[in-house]
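The values are calculated or read from the model by the stated rules, or taken from the named source; none is laboratory data. It should be emphasised that the depicted structure is a prediction, and the values quoted were computed from it without experimental measurement. These area figures cover heavy atoms from the full protein model, side chains too; ligands, DNA and RNA do not enter into them. Shrake-Rupley method; radii C 1.70, N 1.55, O 1.52, S 1.80 Å.
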Amino acid sequence: MKRLRRLPSYSDDMAVLTVQIDAKTEKALAELTADGRSATDVVREALLIANRLRRMEVARIEAQELANDPDDLAEIRAIRRDLGEDCAR
């Protein structure tokens with residue numbers, strides 16, 4: 001009797017993604033799965049890391065915009081003046 005290979009089960013709330021990869025990406029995937037992790041696990045982790053990096057970049061840009069906003073800078077100087085702090089900064 002031939003044993004059937006057990007396939008991973010997917011729940012109804014999981015999406016399936018099909019991706020075409022070039023040779024460079026295929027090499028990277030091979031390196032990342034060399035430790036025994038599945039391509040699925042590697043791709044999931046990569047997506048989460050990419051999302052985290054994007055959010056950090058958006059936050060950095062927003063912080064930079066706020067730091068250069070003339071109205072916010074004037075408000076900060078006014079608060080420092082009210083608190084008696086040196087406004088030379």
Can you name every residue in the range 33-67 that is open to solvent by 80 Å² or more (accessible area, probe 1.4 Å), at pLDDT 90 or above and more than 30 Å from THR18 (Cα to Cα)? ARG60, GLU62, GLN64, GLU65
Residue check, GLU26 under 30 Å from the mean Cα position of the chain (by Cα), open to solvent by 90 Å² or more (accessible area, probe 1.4 Å) and at pLDDT 95 or above: yes
